[in-house]
Each structure stands twice: as structure tokens, then as C-alpha cells.
Amino acid sequence: MLKVFIVDDERPARAELRYLLEQMAEVEVIGEAASGEEALERIPAVAPDAVFLDIHLHDLDGVNVGQELLETMQKPPMVIFASAYEIHAVRAFETEAVDYIVKPFSTHRLEKTVCRIRKWMAQRNGEDSQPSAIEQKLAALLQNALTMKQPKRIPVEKNGKILLIDPSDIIFATLEGRYASIYTENEQFATSFTLQELEARLPEELFFRTHRAYIVNLAKTSELVPWFKGAVHLVMADREKTEVPVSRTAVKEVKRRLGF
């Protein structure tokens with residue numbers, strides 16, 4: 001019996017995945033978690049063979065959760081990443097060692113994933129006398145995702161197409177719904193990144209998180225405007241001269257970075 005654990009912060013997504021998995025022979029869903037923290041607490045206690053792990057959790061980054069499970073569990077589970085978007089930093093996980101599935105899930109795709117898991121388990125069980133080769137490969141792949149912090153270009157979406165833009169062209173980014181939108185001098189682009197994920201991919205020397213909903217390119221700042229109760233706004237160098245808020249806790253660091 002293949003023991004599976006599901007991590008997703010959306011109840012309908014968990015219910016759908018549980019239903020599809022339970023239709024398969026010799027697959028048992030032994031638990032669910034609605035957050036990264038809950039997953040890290042519950043998974044070691046039940047020791048599943050595989051974890052279906054959503055990338056976009058409301059509290060923690062899914063890749064970080066997978067990395068922690070790998071580092072802290074004596075026999076870590078196989079990790080299958082899931083997302084509603086194909087264009088994501090973890091596309092590299094489409095390998096025989098780690099899987100990456102796109103929502104909405106299909107029965108055919110899940111059957112393929114389950115076959116891969118069984119294959120990995122058989123290989124691992126035959127390597128008891130050796131260091132955990134599969135886990136080592138998984139660790140390397142996870143680390144690759146975690147260190148992809150400063151890519152040369154950022155994938156964005158526009159009119160159904162995927163474009164690659166240079167980070168230096170970004171003026172600011174803001175949270176719109178659950179994912180970040182990027183603004184250049186004349187255009188707006190959608191992304192499949194949370195603001196936290198986008199921040200991790202951008203060069204720290206150029207970009208700063210001024211507010212929970214904004215990241216700015218400090219080199220594209222044209223004016224600092226005093227605001228209420230010690231807060232300030234930054235006037236950006238886009239066509240609209242957008243004013244971006246700076247939280248009071250970030251004002252001192254923004255001024256230091258801008259040379260005040």
C-alpha cells in the first residue's frame with residue numbers, strides 16, 4: 001500500500017486530489033495539511049511514502065517545506081510538487097526523481113506520477129546498503145530550485161504568451177490577488193510568482209521590499225515624498241509616475257539605501 005499525504009491550503013483542491021488518488025489501487029491517503037507549518041508538524045509523525053505538496057502555500061514556500069522534510073526526516077518521503085501554473089521555477093523537477101504536476105489534476109497524469117513513485121521506492125528499497133542515492137538526487141534538485149534566486153531574466157505572461165524580461169527593466173512589482181504583477185516603464189505583466197517568490201529571484205542590490213504588497217527597483221526611484229505619521233511614498237520612474245508606499249518600519253532602510 002502506497003501511503004500518501006496531501007498539502008494544499010485550498011480545501012477543494014485537497015478534496016479533489018484525495019478523491020482521484022483513492023480511486024487507484026493500493027493507494028491510501030493517510031493525512032492532509034492546510035499549511036506549511038501544519039505539514040512540517042504532521043508529516044514526520046505519520047511517515048508517508050509520498051507527499052503531494054502545493055508550491056503556493058499561504059504561510060510558507062512549498063519548496064522550502066520540501067527541503068526541510070528532506071533535511072530533518074530520517075527517511076524523507078518522495079515529494080511531488082503541484083501548482084496551477086506551468087511556468088514556474090521548479091519546471092526542472094520534470095525528471096524521474098521528482099515530479100511536478102499542474103492543476104487541475106487528471107487521472108492519467110496522476111497514474112503516471114504514482115508509477116514513478118513506486119519505481120523510486122523499489123529502487124530505494126534495493127539500495128539499503130548504500131547511502132540514499134535517490135534522496136541525494138532529490139536534495140540536489142531542491143537545492144537548485146532554492147538557489148535560483150537571481151536569474152538573468154524573469155518569465156512573465158502577456159496576451160497568452162510567456163516573455164522573458166531583464167530584472168533591470170522592472171520598475172516595481174505589486175501583489176494583485178495571490179500573485180505578483182510586474183511594471184516596467186510602459187507595460188504591466190502578470191506572473192505566476194507570489195511576491196515572496198519574486199523577491200527571492202531579484203538581485204538584492206537593486207530591489208527592496210518597501211511594503212507587504214510592493215517591491216521596488218531603487219535605481220528607478222525619482223522622488224521621496226513624506227507621508228502621514230512618519231511614512232513616505234516613493235515616486236517611481238514609470239510613465240504614470242506611480243507612488244509606492246513605504247511602511248514606517250522600512251523608511252530608515254529605504255533612506256539609507258537611497259543615500260539619505
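Brief remarks on what is shown
- Within the stretch 31-43, not a single residue is in contact (Cβ under 8 Å) with a residue 40 or more places away in the chain and either in contact with a strand residue (DSSP E or B) (Cβ under 9 Å, 6 or more places away or on another chain) or closer than 19 Å to residue 192 by Cα (or both).
- Residue list for the stretch 229-256, filter: assigned to a loop (DSSP other than H, G, I, E, B) and among the acidic types (Asp, Glu): 238, 240
- Residue that is at pLDDT 90 or above and assigned to a helix (DSSP H, G or I), where the choices are 168, 181: 168
- Some residue of the stretch 198-211 being loosely packed, with under 12 Cβ neighbours inside 10 Å and not small (Gly, Ala, Ser): yes
- Looking only at the stretch 1-40, and only at residues there that are charged (D, E, K, R) and within 15 Å of residue 57 (Cα to Cα), the one that is surrounded by the fewest Cβ atoms within 10 Å (Cβ to Cβ): 11
- Residue 203 passes every criterion in (1) over 22 Å from residue 257 (Cα atoms); (2) assigned to a loop (DSSP other than H, G, I, E, B) apart from (1).
- The stretch 142-165, residues that are modelled with pLDDT under 85 and crowded, with 18+ Cβ neighbours inside 10 Å: 142, 145
The values are calculated or read from the model by the stated rules, or taken from the named source; none is laboratory data. Remember, it's a predicted structure, so these values are computed and weren't measured experimentally. Ideal geometry is used to build each Cβ from the backbone, glycine not excepted, and the neighbour counts take in all protein chains shown.
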